[in-house]
Ligand SMILES: NC(=O)c1ccc[n+]([C@@H]2O[C@H](COP(=O)([O-])OP(=O)(O)OC[C@H]3O[C@@H](n4cnc5c(N)ncnc54)[C@H](OP(=O)(O)O)[C@@H]3O)[C@@H](O)[C@H]2O)c1
């Protein structure tokens with residue numbers, strides 16, 4: 001399927017996987033609508049990709065109405081990519097504010113945006129919804145209780161929607177990566193760059209461009225082919241807690 005001229009809404013486009021995906025989709029001729037909070041980053045990316053953008057927090061109650069005012073709600077594709085992990089310690093000593101934030105961004109905002117766009121896709125006879133899940137939606141690991149819970153929720157939501165919309169020319173898909181080197185770990189460790197670097201020490205992580213390439217592959221399949229889910233990890237990773245590291 002060609003992505004030429006397809007209207008795609010992509011959240012979390014200001015860094016990492018979202019940024020790489022915007023560049024990859026632009027190369028395929030998609031018409032891009034980018035969302036994230038950092039306006040400077042979005043503006044620079046929009047210049048490179050001829051994209052429209054909305055610099056806004058997707059958890060704001062007026063996010064969907066602002067989106068509708070600016071671009072309408074009719075899109076050929078929705079990519080729920082914005083997401084984050086906060087903290088890596090035991091749940092007993094974690095901050096409730098961190099849990100709330102992960103639930104708001106990874107779960108509630110993605111659900112709400114899908115709720116706004118899905119009826120329009122059905123009205124126009126089809127579309128694609130692709131959610132950025134994670135191997136944390138398949139496994140659990142100590143120190144990741146809430147992040148894993150949010151990705152399990154997104155996994156279940158995606159699977160249920162896929163069944164519910166079967167026969168409506170709607171492809172509901174998800175990609176579940178393991179370790180990808182982006183700003184993800186820096187956000188998780190709240191700006192501690194040394195701790196973030198340690199995550200990838202002695203191993204070769206996936207890059208945002210690797211994930212972007214796989215997403216383009218999923219979207220470009222012929223219309224009758226839906227890759228429900230793609231699970232991908234670095235060759236050096238076997239599970240969230242099994243990572244082969246060379247001595248550094
Ligand atoms: N990196 C990994 O190892 C990995 C593995 C599996 C799955 N994932 C998932 O992949 C997705 C992308 O992560 P990444 O690795 O690319 O991390 P990243 O580089 O930190 O990118 C996260 C993106 O989400 C946006 N975002 C966060 N909160 C937002 C909010 N409230 N409103 C709007 N945008 C918001 C950020 O933009 P602003 O800060 O500008 O708002 C940024 O563009 C996430 O859903 C993550 O859970 C990542």
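Every number in this text was worked out from the coordinates using simple rules, so none of it is lab data. All values reported here derive from a predicted model rather than from experimental measurement. All Cβ positions, even for glycine, are placed from backbone atoms using ideal geometry, and neighbour counts span all protein chains on display.
What distance in nm separates the two pseudo spin-label positions at residue 91 and residue 52, each 7 Å out from Cα along the beta-carbon direction?
4.1
Rounded to the nearest 500, what is the chain's calculated 222 nm mean residue ellipticity when only DSSP H runs of at least 4 contribute -39500 (n - 2.57) each, over all residues?
-12000 deg cm²/dmol
Relative contact order, percent, of the chain when contacts are C-alpha pairs under 8 Å separated by at least 6 residues?
Worked out over the chain, it gives 21 percent.
Between 0 and 90 degrees, rounded to the nearest ten: what's the tilt of helix 145-164 against the longest Cα principal axis of the chain?
30
Return one number: the angle in degrees, 0 to 90 and rounded to the nearest 10, between the long axis of the Cα atoms of helix 208-220 and the longest principal axis of the Cα atoms of the chain.
30
If contacts are Cα pairs under 8 angstrom and at least 6 residues apart, what is the relative contact order of segment 99-192 in percent?
Once normalised by length, the contact order is 35 percent.
Out of 127, 178, 238, any idea which swings most in a Gaussian network model of the chain, alpha carbons joined below 10 Å?
Of 127, 178, 238, the Gaussian network model singles out 238 as fluctuating most.
Report the residues of segment 19-48 in range of a label on residue 183: point 7 Å along Cα→C-beta, backbone N strictly under 15 Å from it.
It comes to 19-22, 35-46, nothing else.
What is the helix-to-structure angle for 39-49, meaning the angle in degrees between its Cα long axis and the longest Cα principal axis of the chain, kept from 0 to 90 and rounded to the nearest 10?
The angle comes out near 60 degrees.
In nm, to one decimal, how far is the residue 28 label point from the residue 43 one, both placed 7 Å along Cα→Cβ?
Result: 3.0 nm between the two label points.
Quickly work out the residue 111-to-residue 197 label distance, labels modelled 7 Å from Cα along the C-beta direction, and quote it in nm with one decimal.
If labels sit at residue 197 and residue 111, their model points lie 4.0 nm apart.
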